[in-house]
Amino acid sequence: MALLADAPHREDGSLTSPSATEELAFEAVLEWATAAMQLATDPATGSEGARKGDPFDIVTPADGLIERFLRTQVRDRFPGHGFLGEEEGGTSGSDGWQWIVDPIDGTLNYSTGLAGATCSIACLRHGQPVVGAIADLSAGVVYRARAGTGTVLASSAGEESGCEPTTSPAGAARVFLEFGWEDLDPVMVGTIGELARTRPRVIRMVGGAAYALLNVALHGGCMLGIGLRIWDVAAGVVLAREAGRAVRLWEEGTLVHLVVGSAEDLTELAPIVERFGSRRVAPAVA
Ligand SMILES: [Mg+2]
């Protein structure tokens with residue numbers, strides 16, 4: 001597996017240099033994430049799930065509607081930028097800029113009335129996420145961050161304020177586990193077994209990688225992700241880094257594995273990711 005982000009993301013000076021495009025992108029994501037949240041919570045949109053892959057891999061009318069909305073916005077506002085969405089794929093663009101979108105992360109949660117569903121929007125520059133926004137669909141809050149600022153902003157009902165990331169003992173005890181599939185399998189069980197051999201932890205599996213990353217960013221603890229896709233994590237990685245959390249991310253084909261948390265978390269959990277990241281067994285039900 002190739003290790004992509006072992007070094008601090010600011011090692012490349014271009015990532016932190018002022019950029020008018022980044023500033024525009026940072027403004028746009030607030031507007032777009034707010035609109036996406038409104039679409040997702042509009043009863044007329046439709047949150048009923050239909051099967052996409054395995055029996056637990058579902059899609060709703062809101063997923064497609066929000067992705068098409070965001071694709072149109074990017075095309076109109078940033079012509080030439082690439083766009084990749086979970087539902088309809090995309091292109092890499094021609095000038096080093098790419099938007100990566102998960103219209104709804106945690107669709108099963110969304111479709112069944114559970115918290116932990118988000119809209120995730122990231123802007124990448126030369127392959128590195130530089131702007132991220134996550135809309136918490138249940139809470140009605142948009143969180144956004146821009147690389148190099150050390151700030152996460154929260155916006156709700158037209159009011160925006162800076163977040164104060166915390167790490168309480170209870171927050172630090174949590175490890176969020178996120179897998180790129182829903183059906184319980186030996187990789188999940190094996191990962192949990194390995195965790196039992198590290199320091200005592202509280203496991204949380206919320207079924208939404210972006211939601212987990214957001215919560216680690218704001219309240220501490222760590223996240224271990226295996227077999228995810230880049231749209232699950234691109235925005236959350238920006239928020240986590242700007243909240244002061246460490247990130248290690250591996251890319252394996254089209255899959256992404258990552259660990260986010262404290263430096264100690266990375267040391268403890270990276271071997272587990274490396275051990276189980278390549279062991280994903282195909283689901284029993286196609
Ligand atoms: Mg999704």
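The values are calculated or read from the model by the stated rules, or taken from the named source; none is laboratory data. The structure displayed is predicted, hence computed values, not measured ones. All Cβ positions, glycine included, derive from the backbone under ideal geometry; neighbour counts span all protein chains shown.
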Practice problem: Would you mind finding the one in G221, G244 that is surrounded by 16 or more Cβ atoms within 10 Å (Cβ to Cβ), on the phi > 0 side of the Ramachandran plot and modelled with pLDDT of 95 or more? | Solution: G221
Exercise. Could you run through the stretch 225-240 and say how many residues are within 12 Å of the chain's Cα centre (by Cα) and crowded, with 24+ Cβ neighbours inside 10 Å?
Key: 11
Quiz item: Could you list, in sequence order, the residues of the stretch 114-170 that are within 18 Å of A246 (Cα to Cα) and of a type in the set (S, T, N, Q)?
Solution: Q128, T149, T151, T166, T167, S168
Practice problem: Kindly indicate which of R125, R51 is within 29 Å of E159 (Cα to Cα) and not hydrophobic (A, V, I, L, M, F, W, C). | Solution: R125
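Quick grid of which residues meet (1) within 16 Å of the ligand (Cβ to nearest atom); (2) of a type outside the set (F, W, Y); (3) touching a strand residue (DSSP E or B) at 6+ places or on another chain (Cβ under 7 Å):
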site	(1), (2), (3)
L65	yes, yes, no
G82	no, yes, yes
D102	yes, yes, yes
G113	no, yes, no
V130	no, yes, yes
Quiz item: Do you know which residues across the stretch 226-248 are within 12 Å of the ligand (Cβ to nearest atom), out of contact with any Phe, Trp or Tyr (no Cβ under 8 Å at 6 or more places or on another chain) and not in a helix (DSSP H, G or I)?
Solution: R229
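Tell me, which strands (runs of 3 or more DSSP E) lie completely within the stretch 152-193 with 3 or more residues that are surrounded by fewer than 16 Cβ atoms within 10 Å (Cβ to Cβ)? Don't jump to the end; show me each part of the working.
Numbers: elements: 152-156, 159-162, 174-179.
Filter on the stretch 152-193 gives 159-162.
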Quiz prompt | Those residues of the stretch 194-218 which are outside any helix (DSSP H, G or I) and more than 18 Å from I272 (Cα to Cα), in sequence order | solution = V206, G207, G208
